[in-house]
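Notes follow once the structure below has been shown.
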Amino acid sequence: MKRQQILITNDDGINALGLSLLAGTMSEVADVYVVSPELERSAMGHAITMHKPLHATPVSFLTGVQRAWRINGTPSDCVKLGIEMLLPEKPDLLLSGINHGSNLGRDIYYSGTVSAAMEGMFLGVPSMALSYNGEDEEGLQWAAEFTKKWVFSENFERPPKGILYNVNFPSISQGIPSQLAWVRLGRREYANDFHKRVDPRGREYFWLAGHVQDVTEDTGTDVGALAAGFITVTPLHMDATAYHLLPENNRIEVPSWPKL
């Protein structure tokens with residue numbers, strides 16, 4: 001039987017531990033290709049590069065990985081190049097991560113990890129964003145092992161067309177999770193704090209700081225369920241239409257003003 005082809009990318013960069021652990025683990029059961037930013041590109045959202053050339057530089061990676069490239073662009077660039085130019089054929093699955101830190105609630109609009117998975121979804125590849133609420137190697141490895149067993153289990157259903165899965169793993173410092181919860185997006189907000197400083201040439205600059213404010217009471221959300229120690233899965237799609245504001249009669253006569 002032909003082995004599955006999996007494209008792995010991230011936003012933490014080609015040297016990130018979560019990327020290498022995921023690629024090494026998945027290569028035990030699939031043909032793995034890695035296309036990743038050459039540097040960290042966290043919180044890039046869905047940015048793509050249009051005004052400079054992109055370079056795909058082959059790199060030596062882990063034994064067992066088919067091929068790997070580092071890209072001087074964004075996570076979305078990596079997915080576009082990987083699927084449309086670099087891989088020998090369209091992959092069967094795209095995994096973005098494992099991100100160092102969770103991606104919950106409104107994070108999905110900023111996250112390069114989620115945006116890379118969304119780009120894979122746009123291009124017709126079943127795609128998943130994977131994030132771990134920590135940076136310790138033991139926890140990242142556990143998340144990688146879970147992913148391998150989960151996506152190749154008999155009861156796993158890959159994301160349908162037009163949907164991606166946003167998956168978050170709790171820190172194993174809370175204990176090994178015993179349940180996986182399918183949940184909606186929750187409330188994660190940020191108390192932003194801009195620090196104004198002056199550089200050596202006397203120019204003002206601003207440094208964004210602040211801290212996360214999570215609403216964790218509702219375990220039916222990704223924020224609450226992760227805080228309770230569950231692995232969370234949130235199906236996402238791109239349609240952000242506020243349907244409740246669309247009138248039944250959606251065509252309105254336009255007044256004749258202004259005059260041309």
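Each value in this text was obtained by applying a stated rule to the coordinates, not by laboratory testing. Because the structure is predicted, anything quoted here is derived from the model rather than measured. Here Cβ is always computed from backbone atoms with ideal geometry, including for glycine, and neighbour counts include all displayed protein chains.
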- [ ] Between the alpha-carbon centers of region 2-75 and region 112-180, tell me the distance in whole angstrom.
- [x] 16
Task: 9 Å beta-carbon shell around Gly124, net charge (K/R +1, D/E -1) - done: +2
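Once you list every other residue whose beta carbon is under 15 Å from the beta carbon of Phe156, what net charge do they have if Lys and Arg are +1 and Asp and Glu are -1?
Values: positive: Lys148, Lys149, Arg158; negative: Asp92, Glu145, Glu154, Glu157.
With Lys, Arg at +1 and Asp, Glu at -1, the neighbours total -1.
As an exercise, use a Förster radius of 35 Å and the Cβ-Cβ distance of Ile252 and Arg106 to find the FRET efficiency, rounded to the nearest 0.05. Mind dumping the intermediate values first?
Values: r = 32 Å, r/R0 = 0.92.
After rounding to 0.05, the efficiency reads 0.60.
If you add up the charges near Ser20, with Lys and Arg at +1 and Asp and Glu at -1, over every other residue whose beta carbon is less than 11 angstrom from its beta carbon, what do you get? Provide the component values of the computation, followed by the final result.
Working: positive: none; negative: Asp12, Glu137.
Net local charge, Ser20 excluded: -2.
Determine the shape class of the chain: with a ≥ b ≥ c the square roots of the Cα gyration tensor eigenvalues, call it rounded for a/c under 1.5, and otherwise prolate if a/b is greater than b/c, oblate otherwise.
On the way: a/c = 1.28, a/b = 1.26, b/c = 1.02.
Rounded, since a/c falls under 1.5.
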TODO: Find the relative contact order for region 1-95 and round it to a whole percent, using C-alpha pairs within less than 8 Å whose residues are 6+ positions apart.
DONE: 36
TODO: For helix 112-122, report the angle its Cα long axis makes with the longest principal axis of the Cα atoms of the chain; keep it between 0 and 90° and round to the nearest 10°.
DONE: 90
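Could you work out the helix-only [θ] at 222 nm for the chain, with each DSSP H run of four or more residues adding -39,500 (n - 2.57) and the total divided by the number of residues, to the nearest 500 deg cm²/dmol? Intermediate results must be reported in sequence, preceding the final value.
Details: 5 runs with 49 residues, N = 260.
Estimated from H runs of four or more residues: -5500 deg cm²/dmol.
Rounded, prolate or oblate: which fits region 105-260 when a ≥ b ≥ c are the square roots of the eigenvalues of the alpha-carbon gyration tensor, with rounded for a/c under 1.5 and prolate only if a/b beats b/c?
On the way: a/c = 2.07, a/b = 1.21, b/c = 1.71.
Oblate, because a/c is 1.5 or more while a/b does not exceed b/c.
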TODO: On a 0 to 90° scale, report how tilted helix 137-151 is relative to the longest principal axis of the chain, with both axes built from alpha carbons and the result rounded to the nearest 10.
DONE: 90
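Rounded, prolate or oblate: which one fits region 124-194, using the alpha carbon gyration tensor with axes a ≥ b ≥ c (rounded when a/c is under 1.5, else prolate when a/b beats b/c, else oblate)?
oblate
Write out the trypsin sites (Lys or Arg not before Pro) in region 193-260 meeting two conditions: DSSP loop, and at most 15 other Cβ atoms within 10 Å of their Cβ.
Numbers: sites: Lys196, Arg197, Arg201, Arg203, Arg251, Lys259; in loops: Arg201, Arg203, Arg251, Lys259.
Loop-located and lightly packed - Arg201, Arg203, Arg251, Lys259.
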